[in-house]
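Down below is the structure, laid out as structure tokens.
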Amino acid sequence: MSHIKDIGDDFLSLFLPRLCLGCRAHLVRGEDVLCMECLLSMARTDFHLRRDNMLEQSFWGRCHVERAAAFSVYNRGSRIRKLIHSLKYDGRKEIGKMLGELYGSTLAGSGFMEGIEMIVPVPLSAERQRQRGFNQSECFAQGLSASCRVPVRNDILLRTGRSESQTRRGRYERWENVEGLFTVRKPSEITGKHLLVADDVITTGSTMEACVNALLEAGGERISVVALAAAQKLTL
Ligand SMILES: [Zn+2]
């Protein structure tokens, strides 16, 4: 029966307006997923243009990050927060893909991607991946890959550790908590390479820190990081 439903959906889509996933406004020709107004209203960072930017600095003393960039700024009322929520919990994978493509062009054009040989999405635990059916960071990574022409590798990093909930703890405790959370598979394939780790949001940076350290310990030469959004406190 599912093919009948697909045909029905295709048929309906001829008549139903395409709506912006950010604000429900009708999309016009040339717009896809998000309307121009939503795209323009998202606070952008210029991190890809600035060495030693605030996001890079937030990793100092925690792990060695080659370059760090984030598309937008994450706070309580931010549009990107709503979009990431929709990506994760409504399964709107096209949001991650589309913003990844958009940001990928910016990154590629600025030289940020130079020397980077693979994009590694931050993995979910096997259980979470099963529940959700997809990894939102991988959607973002696929979008980046489409415009940067750098392959995505989702078979390198594995989330093996304990639960992801680690809120309301001090930084040190959090760090303790995420150590050993990730395992690297096929370490020989990252030896001497420059990798870009991609996540949807960087809030405290502790998840990213654990990924970077796991990859460095496994023989990665240089690790850069990128996210759809970074918490406002990391960007001020
Ligand atoms: Zn909109």
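The values are calculated or read from the model by the stated rules, or taken from the named source; none is laboratory data. A quick note: this is a predicted structure, and the numbers were derived from the prediction, not measured. Cβ placement follows ideal geometry from the backbone for every residue including glycine, while neighbour counts extend to all protein chains displayed.
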Selected residue [farther than 21 Å from Phe140 by Cβ, aliphatic (A, V, I, L, M) and either in contact (Cβ under 8 Å) with a residue 40 or more places away in the chain or within 16 Å of the ligand (Cβ to nearest atom) (or both)] from Ala25, Ala69: Ala25
Can you pull out every residue in the stretch 185-195 that is under 17 Å from Val65 (Cβ atoms) and not charged (D, E, K, R)? Ile190, His194, Leu195
With criteria (1) touching a Ser or Thr at 6+ places or on another chain (Cβ under 8 Å); (2) within 20 Å of Gly205 (Cα to Cα), Ala108 comes up short on (2)
Does Phe134 fit the bill of being under 21 Å from Asp32 (Cα atoms) and hydrophobic (A, V, I, L, M, F, W, C)? no
Check Glu37 against each of (1) in the same structural domain as Ser224 (by TED's automatic domain parsing); (2) out of contact with any helix residue (DSSP H, G or I) (no Cβ under 9 Å at 6 or more places or on another chain) and name the one condition it does not meet. (1)
